[in-house]
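Heads up: the structure comes next, in structure tokens.
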Amino acid sequence: MINLDDRIKLINEAKNLGCRVVVIAGEGEPTLSKEIIPLVLEIHKLQMIPIIYSNGTTLSKKIIEFYKNHGVVLVIAFDSLDKDKYDSMTGTRNNFDSVIKNIKNTINEYKNTEYTENNLRVLNIAINSTISSINESEIEQIKNFFGDDVYFICNPLAKLGNAVKNWDNLMNKNDPNKYSKIIENLSETGGPLTLGNDG
């Protein structure tokens, strides 16, 4: 772990090297960290763009307003509109309704942050869905459910963690290219992000 002072020092060094964006991602929920507020404040002070990945569980009105007021781009993981599937995929119970509410509140709060630059529509909130055999039939529904006020990202499953031992159950064996086609058609990135050829 890198302590807060060292993180801030690294962010300042990155700024001096020309960096414009700081991504806060990883396992867990960043808003649970007591360091998230000072990190966002520093990134904002340096006129950089903070991109925070979230599972949506802790997006309270207060943190949503803080994020919006400090230029945070939010990328929220969401993989199923079916409560039981959602619970199974996230390993949680009874979070589904509150996560949906939190995401809708975030979308509503962020609506006036949209702008156009170089003929491109710039959105500051994204939904990131990971496709597997569990949710392959509902990826388009997820995209439509959250609407045009979010940037939709769809990625293949990474061959890490629990996915390794469950890989055969999570992948479509009949059509190995099916997920690539869905991602290509529905993800606004035009394809998957960050995975190598080995998954």
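Observations on the structure shown:
- The structure shown yields Cα extents along the principal axes in Å, and of the options (1) 56, 46, 31; (2) 51, 39, 34; (3) 45, 41, 33 that calculated value carries the label (2).
- Remark: segment 41-47, residue by residue, has Karplus-estimated 3J(HN,Hα) of 4, 5, 4, 5, 4, 7, 6 Hz, where x stands for each Gly or Pro and the curve is 6.51 cos²θ - 1.76 cosθ + 1.60 at θ = phi - 60°.
- Taking 0.36 nm per residue of separation and subtracting the current Cα-Cα distance, fully stretching the chain between ASP148 and HIS70 would add 25.8 nm.
- Residues of type aspartates and glutamates that LYS15 reaches as a straight line, Cα spacing below 18 Å, ignoring anything fewer than 8 places off in the same chain: ASP5, ASP6, GLU42
- Computed from point charges on the beta carbon alone (+1 for Lys and Arg, -1 for Asp and Glu), the dipole magnitude for the chain about its Cα centre is near 320 Debye.
- Note on LYS85 and CYS19: their simple-model spin labels are 3.7 nm apart, each label 7 Å out from Cα toward Cβ.
- Gain upon complete extension [THR92, ALA163; 0.36 nm per residue less C-alpha separation]: 23.9 nm
- By the rule of a C-alpha distance below 18 Å, with chain neighbours fewer than 8 residues away ignored, the aspartates and glutamates paired with LYS101 are GLU29, GLU65, ASP79, ASP82, ASP84, ASP87, GLU109, ASP148, ASP149.
- Ranking ARG7, ARG93 by solvent-accessible area of protein heavy atoms (1.4 Å probe, all protein chains present), from largest to smallest, gives ARG93, ARG7.
- Nearest-0.05 FRET efficiency for ASP6 and GLN47, computed from C-beta distance (R0 22 Å): 0.55
- Per residue solvent-accessible surface (Å²) - segment 25-166, probe of 1.4 Å: 54 Å²
- Shape analysis of segment 77-141 places it in the oblate category; the axes a ≥ b ≥ c from the Cα gyration tensor give an a/c of at least 1.5, with a/b not above b/c.
- Note on ASN108 and ARG121: the extension gain reaches 3.0 nm, defined as 0.36 nm multiplied by sequence separation minus the Cα-Cα distance.
- Under 5 Å, built H, 5+ apart or other chain: amide partners of TYR151: ILE125, ALA126, ILE127
- Whichever lysines have a C-alpha closer than 24 Å to that of LYS104, once near sequence neighbours (fewer than 8 apart) are set aside: LYS61, LYS62, LYS68, LYS83, LYS85, LYS143
- Whether segment 106-155 is rounded, prolate or oblate, judged on the alpha carbon gyration tensor where a/c under 1.5 counts as rounded: prolate
- Whole-number percent relative contact order across the chain, with pairs defined as alpha carbons under 8 Å at least 6 apart: 15 percent
- Apportionment of accessible area to carbon and sulfur, the chain, percent (1.4 Å): 48 percent
- Segment 35-117: C-alpha gyration tensor shape, a/c 1.5 cut-off, then a/b vs b/c: prolate
- For segment 98-193, applying the loop criterion from DSSP together with a ceiling of 16 other beta carbons within 10 Å to the trypsin sites (Lys or Arg not before Pro) yields LYS159, LYS173.
The values are calculated or read from the model by the stated rules, or taken from the named source; none is laboratory data. Small disclaimer: the values here were computed from a predicted structure and weren't measured. With ideal geometry, Cβ positions are generated from the backbone for all residues, glycine too; neighbour counts draw on all protein chains shown. Only protein heavy atoms, including side chains, enter the accessible area calculation; ligands, DNA and RNA are left aside. Shrake-Rupley method; radii C 1.70, N 1.55, O 1.52, S 1.80 Å.
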